[in-house]
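Bear in mind that the values in this text are calculations on the coordinates, not laboratory data. Note that the structure is a prediction, hence the values are computed from the model and not measured. A quick note on method: Cβ atoms are made from the backbone with ideal geometry, for glycine too, and the neighbour counts reach across all protein chains shown.
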Amino acid sequence: MEILLRAVLTGLLYAMLAGLGMATLLGLLLYFTPLSEGLLPLLASIIVALAVFFGGLQAARIATARGLVQGLTVGLLFFAVTLAMGWSGGPLALGATGQKMGLCLLAGAMGGVAGMTGR
């Protein structure tokens, strides 16, 4: 399996920037509208999925080959980076962590495949 480092790192950067932008937009929406904060977990999952999808899409377009692998790698790296940034040193909730990893891998794989079919 060939993983192009440039493609994956560019996809990871796109995913991080897209996630940051969408999270900022969500924060503004929650602040200025009567949107319930009870929707925050669902909306956060949607943001993660969209950001990783977009990153996998970009990685596959740059790599021009093996889009599934490129997308999965972006998803795995996005999960690892966000886990490292958000971990406080305490024990991890295995269920929530596994669910987020699955979401990142699925969204990255879908983005990678979409990047290959959209060529």
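Against the chain, whose longest principal axis is taken from its Cα atoms, helix 67-86 shows a tilt of about 30°. Look at where the Cα atoms of segment 1-30 and of segment 56-119 average out, and the two centres are 10 Å apart. Multiplying the residue separation of A93 and L42 by 0.36 nm and removing their Cα-Cα distance gives an extension gain of 16.6 nm.
The protection proxy used here, the mean number of other Cβ atoms lying within 10 Å of each residue, ranks peptides 4-16, 96-108, 23-35, 48-60 as follows, highest first: 48-60, 4-16, 96-108, 23-35.
For segment 5-117, the direction-averaged projected area of the alpha-carbon convex hull comes to 7.4 nm². The label point for M85 and the one for M101, both projected 7 Å from the Cα toward the Cβ, are 2.0 nm apart.
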